[in-house]
1. Can you compute 3J(HN,Hα) from phi for each residue in the stretch 70-85, using the Karplus curve 6.51 cos²θ - 1.76 cosθ + 1.60 with θ = phi - 60°, rounded to whole Hz and x for Gly and Pro?
2. Would you please give the residues with an amide H less than 5 Å from that of Val86, counting only those at least 5 places away or on a separate chain, with H modeled from the backbone geometry?
3. 5 Å is the cut-off here: which amide hydrogens, built 1.01 Å from N in the peptide plane, fall below it relative to Asn42, excluding neighbours closer than 5 in sequence?
4. Sort Ser41, Ser23 so the one with the fewest other Cβ atoms within 10 Å of its own Cβ comes first.
Amino acid sequence: MKICFPVVENQGLESEVHGHFGSAPQFIVVDTLSREIRALSNSDQHHAHGACQPLKALGGQDVDAIVVGGIGAGALRGLNRAGLTVYQAQGVTIADNITCLAEDELPVLTPDRTCGGHGHGHGHGGCHH
């Protein structure tokens, strides 16, 4: 499975998951089978609020799922229409969230759990390992 994580800076699996998908400077894509890690620049980072184009942001990268701290409703709908599952981060780092996903402890984001605007925090409660 290829999982995409929005991050501020690439620190591999120790990168912290960014609080908002659309404003993340870059993404880290992790292939959970091969453990290959790839960093991508967010090509849609400077969009107007509410105008995130999530597939453009991913630059055509083939992924199966996204793990985010937060995401707007429009971006969530766009990713869901493209067949991608979007999960709510529960750990701080990519490694934490991969563990949570393996333990089936990452909730799937639904439109009623999306962000209304930028500049807000998202808690990382952590999964129970």
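1. x, 7, x, 4, x, 5, 4, 4, x, 5, 4, 4, 7, x, 9, 8
2. Under 5 Å from the amide H of Val86: Ile66, Leu109.
3. It is Gln26, Phe27, by chain and number.
4. Ser41, Ser23
Readers should treat all values here as calculations from the given coordinates under stated rules, not as data from a laboratory. Note that the coordinates shown come from a computational prediction; the quantities given were computed from them, not determined experimentally. So basically every Cβ, Gly included, is an ideal-geometry build from the backbone, and we count neighbours across all protein chains shown.
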